[in-house]
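Take a look at the structure below.
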Amino acid sequence: MIQRLYPLTFEPLLKEIIWGGQDIRPFKGLEPNEQKIGESWEISHVDDNYSVVAQGELRGENLDTLFHQYGARLVGESVLKRFPERFPLLIKFIDAQDNLSIQVHPDDTLGMARHNSFGKTEMWYVVKASPEAKLYSGFSKQSSPEDYVQRIAEGTIMDVMQEYQVEAGNVFFLPAGRVHAIGAGCFVAEIQQTSNITYRIYDYDRRDAQGNTRELHTELAKDAIDYTLHDSYRTDYTPIKNEPTHLVKCQYFETNLLDLDSPMSRDWSALDSFVIYIVMEGKLSLTDDAGHTLELKQGQSVLLPAEAKGVTLRPEGSCKLMETYIPEA
């Protein structure tokens with residue numbers, strides 16, 4: 001056991017998926033190849049998908065080992081009380097060359113009852129997008145369980161999905177229960193609860209090479225969907241250079257955008273949580289209050305342990321990154 005935890009980076013878990021593109025590897029500075037990489041899991045405590053430390057004295061250790069060995073030193077006392085068995089966040093980059101299925105995630109109550117798992121509340125930050133890129137979030141018309149089931153049977157669910165044209169910098173908050181889908185041409189950074197539970201609602205009637213359609217979870221989804229209608233499902237914000245710009249706060253995570261071209265210091269002495277930084281653009285150095293320094297670049301994510309009480313970020317030119325942590329309950 002080491003005396004003082006340092007900022008941790010992890011080996012990416014690259015997921016080859018049929019709808020994936022070829023932008024994740026070059027975005028992360030990795031050698032391109034022909035694989036369709038749909039997701040890069042940056043920090044994960046999902047079973048059978050534990051992130052492995054990439055540098056320093058703890059190199060080769062996985063997040064499960066760190067979580068159980070260091071506990072509150074890693075995540076914070078209050079976080080450990082709320083989430084005693086599992087690191088609570090999963091960080092991803094997603095590259096969609098084709099449309100993802102329309103889907104929904106259960107909340108904690110349903111997730112635990114059905115799958116012994118957290119539910120999944122998440123958020124997207126659009127890193128880049130093709131000119132025609134779009135995504136879906138929420139209903140455009142008032143729906144109900146009965147209306148939903150009928151539309152699935154008739155194949156008309158897309159008629160009531162709220163569609164958004166997107167561009168870099170757009171943010172969408174997706175509480176558990178909100179129907180959604182990432183569309184072709186979207187490259188997003190995703191922050192979510194540690195959960196891999198997804199109910200597939202509609203898959204555009206696509207068939208595989210054997211002519212089979214993908215399994216849908218119509219009945220499971222019916223009880224998981226939040227049918228509340230909102231005027232807008234996009235998160236609006238005004239970025240401020242060299243100041244933390246608030247994006248999202250919920251019980252599971254709080255997230256800010258940092259758009260930097262000069263150094264910034266962050267005081268975390270009053271925060272009882274780890275902090276994660278996700279670099280979407282540019283390069284920077286990160287130094288914690290114990291003097292540990294890391295050089296970071298686009299496509300990397302770093303976990304600042306809870307026992308760190310502050311950090312200084314020094315951009316090389318300009319950079320954009322998100323910071324996220326667990327707020328007080």
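The values are calculated or read from the model by the stated rules, or taken from the named source; none is laboratory data. Quick caveat: nothing in here was measured; it's all calculated off a predicted structure. Positions of Cβ are generated from backbone atoms using ideal geometry, with glycine treated the same way; all protein chains shown enter the neighbour counts. Protein only, heavy atoms only, side chains kept; ligands, DNA and RNA dropped before computing areas. Shrake-Rupley method; radii C 1.70, N 1.55, O 1.52, S 1.80 Å.
Of all residues in segment 311-329, count the ones that are open to solvent by less than 10 Å² (accessible area, probe 1.4 Å) and outside any loop (DSSP other than H, G, I, E, B).
7
Name the residue, out of Gln103, Gln97, Gln150, that is polar (S, T, N, Q), more than 19 Å from the chain's Cα centre (by Cα) and farther than 30 Å from Gln69 by Cβ.
Exactly one of Gln103, Gln97, Gln150 is polar (S, T, N, Q), more than 19 Å from the chain's Cα centre (by Cα) and farther than 30 Å from Gln69 by Cβ, namely Gln150.
For residues in segment 15-29 being touching a residue at least 40 places away in the same chain (Cβ under 8 Å) and open to solvent by 60 Å² or more (accessible area, probe 1.4 Å), which is nearest to Asp203 (Cα to Cα)?
Selected residue: Ile18.
Is it the case, given these coordinates, that His246 is open to solvent by 10 Å² or more (accessible area, probe 1.4 Å) and within 21 Å of Met112 (Cβ to Cβ)?
no
Might you check whether a residue that is in contact with a Ser or Thr (Cβ under 7 Å, 6 or more places away or on another chain), open to solvent by 10 Å² or more (accessible area, probe 1.4 Å) and touching a residue at least 60 places away in the same chain (Cβ under 8 Å) occurs anywhere in segment 268-281?
Yes, that holds for at least one residue.
Using the structure shown, decide if Ser137 is hydroxyl-bearing (Ser, Thr, Tyr), out of contact with any strand residue (DSSP E or B) (no Cβ under 9 Å at 6 or more places or on another chain) and open to solvent by less than 20 Å² (accessible area, probe 1.4 Å).
no
Here is a yes/no grid of residues against (1) at pLDDT 95 or above; (2) open to solvent by 60 Å² or more (accessible area, probe 1.4 Å); (3) hydroxyl-bearing (Ser, Thr, Tyr); (4) part of a loop (DSSP other than H, G, I, E, B):
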| residue | (1), (2), (3), (4) |
| --- | --- |
| Val126 | yes, no, no, no |
| Asp147 | yes, no, no, no |
| Glu163 | yes, yes, no, no |
| Phe173 | yes, no, no, no |
| Gly211 | no, no, no, yes |
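Could you tell me how many of the residues in segment 39-81 are open to solvent by 40 Å² or more (accessible area, probe 1.4 Å) and touching a helix residue (DSSP H, G or I) at 6+ places or on another chain (Cβ under 6 Å)?
Number satisfying all stated conditions: 2.
If you take the residues of segment 185-202 that are closer than 18 Å to Arg214 by Cα and part of a loop (DSSP other than H, G, I, E, B), which of them is most open to solvent (accessible area, probe 1.4 Å)?
Asn196
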